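For reference, the structure discussed in these notes is given below.
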Amino acid sequence: MVPPVTPVQTATRLPEKTTVVVIGGGIVGLCAALTLAERQIPVVVIEKGLLAAEQSSRNLGWVRKTSRLAEDVPLARAADKLWAQMSARVGSDVGYRQAGIMFIARNEAQLAQHEQWLASVAHLGLDSQLLSARQISDHVPGGVGKWAGGVYTPSDGRAEPTLAASAIAKAAIAKGVVIVENCAVRALATSAGKVSGVVTEQGEVQCDQVLLAGGLWSRRFLGNHGIALPTLPLICSVLRTKPMDGPTDIAVGAPDFSFRRHQDGGFVITQRGALDAPLSLDHLLLGHRYLPQLRAARGNLRISLGRHFFHDLALKRRWRSNQLSPFEQIRTMDPPVNHQLNQDALANLSAAWPAFRHVQVAWSWAGMIDVTPDSNPVIGPVSQLPGLTVATGFSGHGFGTSPAAGQLAADLISNTTPVVDPAPYQFSRFAA
C-alpha cells in the first residue's frame, strides 16, 4: 500500500507555448517551477503519471546534512533555510520539523566512519557532534542496545513526503504554473541545434528551455537523444507504524535499521543496512563505473536477477516522437515491497528499543532510487543540447535538498546567481 499523496487539482490541457517546460512532477521539478514562477517566468510542468507518485512520496522524509559528502553539504544547508520557510511560503503545512538526526555505531570500526565524516566537514562549521554511548541513551531513552557511539546533528530535521510536493504544487499553480498530469513527454523538439519545445502524447509545446527532472526515467529519456547519463536502480522497502509512544523525536539511523517520527504519531522505519539491487541491462553497460561503491556497500545490497530484468529489457531505448514511449507504458514505477527486510528492520529495532516490540504496521511500500556513480545528483545544463537543463540522479537523498536543488536548477535556467556553487553537480563530470 503506497502512502497516499495529498491530491492536487491540475490542468487537463497543455498550452501551445511557454518559456520553461519541466519534465517530471516530483518534488525537485515542482520546487524549480515554483521558484521560476516567483520570478515571473511562465512554466509548464508535465508529469507522465501523478504528481510525486514515485520516489518523491516514498522516501523517508529526512532533511539532513549528516553523512553527506562534503561537497554536497552547502546544498543541504541552503535547503535547511528553505525548508524552515516552506510552510509560510506555500501557505500549507509540509511537516517540517528541525528535530535532529543521529547515526549510531555498534563497534569502533563503524564509529571510525562517523569520525572520518566529521573530519571531512570540519571546515564547514556544522553543529554535528560525536556522542558517547551514555549520550545516545540520554537523547534516545529506553534503549537496551550496546553502542560504541555516534554522530548527532541537532539542526537536521524531517518533512512529510506525502504533504510537501502537493503543497508546493498548489502554491506553484497559484503563481501561474500550469501542471498537467497523465501526459508523457515523449521527446524534445529542436531547432537550429537547440531545444525549441517538447513533444508529448497530447501534442507539442513550444518553449525556450526545458528542465528534465525525471528521476529514474531520466537516463532512458536522455538515451533516446543519444546522451548518456549513468544511473542504476536500487529499491528501498519502508514501513510506517500506527501512532504509538516512542523514545524520541530525533531521527535515528543504526547499521541495520532507522526510524523517525511521523507527524501522525507513528514511525517510519526501514532496514538501513539492506537495499534490493535488481539487475538490469544497465548493470552490464555501466557496472564498471560503480565498482568503488560496490566494494564499499556490497554487504548492503541484495542483488537479484528476476522479473525486473525482463520488464526493463522489454521497454524501448529508442523511439520516435510519434510513437508510444516507455513513459506511457509505465506511468508509475511501483516496485514490490521486500517484507522480509521490513520484518528484519522491526526485529533489529525492537532488540535495541523494546518500545517497538508490539507495533502495528499501518503502511508498507517500496521506492526505486536512481543512483549515480558518485552518489551526487546532476544539476546543470547539457552541453550537447543547448536549452536543456537536468536535475536528476539524487541517489536516494534528494528529498532533503529538494528546495535548494530546485532553486539551483531555476537559477541556472534564469541566469541568476546560483544559491550554491553548481560545480559538484555538473553533467560533464560523467563524460566518457
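The values are calculated or read from the model by the stated rules, or taken from the named source; none is laboratory data. Remember, predicted model here, so these are calculated numbers, not experimental data. Using ideal geometry, Cβ is built from the backbone for each residue, glycine included, and neighbour counts are taken over all protein chains shown. Accessible surface is based on the protein model in full, side chains and every heavy atom, while ligands, DNA and RNA are left aside. Shrake-Rupley method; radii C 1.70, N 1.55, O 1.52, S 1.80 Å.
Computed packing ranks the peptides 86-96, 304-314, 178-188, 273-283 as 178-188, 273-283, 86-96, 304-314, most packed first, by mean other Cβ atoms within 10 Å.
Sum up the charges of everything whose Cβ sits under 9 Å from the Cβ of Gln323, counting Lys and Arg as +1 and Asp and Glu as -1, but leave Gln323 out. Around Gln323, the charge tally is +3. Using 0.36 nm per residue and subtracting the Cα-Cα separation, the extra length available between Arg298 and Trp319 on full extension is 4.0 nm. Note on surface exposure: His358, His339, His123 rank His358, His123, His339 by accessible area, highest first, 1.4 Å probe. The 1.4 Å probe gives accessible areas that order Arg39, Arg64, largest first, as Arg39, Arg64. Fully extending the segment from Asn107 to Lys81, taken as 0.36 nm per residue of separation minus the present Cα-Cα distance, adds 5.9 nm.
When the inverse distances between all different Cα atoms of the range 163-237 are averaged and flipped, the Kirkwood radius reads 14.6 angstrom. Available extension along the chain between Ser350 and His288 is 18.5 nm, counting 0.36 nm per residue and deducting the alpha carbon span.
Computed with the Debye formula from one identical point scatterer per Cα of the chain, without solvent, the log10 of I(q)/I(0) at q = 0.07, 0.12 Å⁻¹ comes to -0.32, -0.97. Atom-type composition of the exposed protein surface of the range 15-428 places 52 percent of the accessible area on carbon and sulfur (1.4 angstrom probe). Summing +1 for each Lys or Arg and -1 for each Asp or Glu among the other residues whose beta-carbon sits under 13 angstrom from that of Leu232 gives -2.
With R₀ set to 25 Å, the beta-carbon distance separating Lys17 from Asp334 gives a calculated FRET efficiency near 0.15.
Solvent exposure of the chain, expressed per residue, is 41 Å² of accessible area, with all protein chains present and a 1.4 angstrom probe. Against the criterion of solvent-accessible heavy-atom surface with a 1.4 angstrom probe, Glu16, Glu71, Glu108, Glu328 sort, most first, into Glu16, Glu108, Glu71, Glu328. Put a dot 7 Å past the Cα of Lys194, heading toward its Cβ, do the same for Ala119, and the two dots end up 4.8 nm apart.
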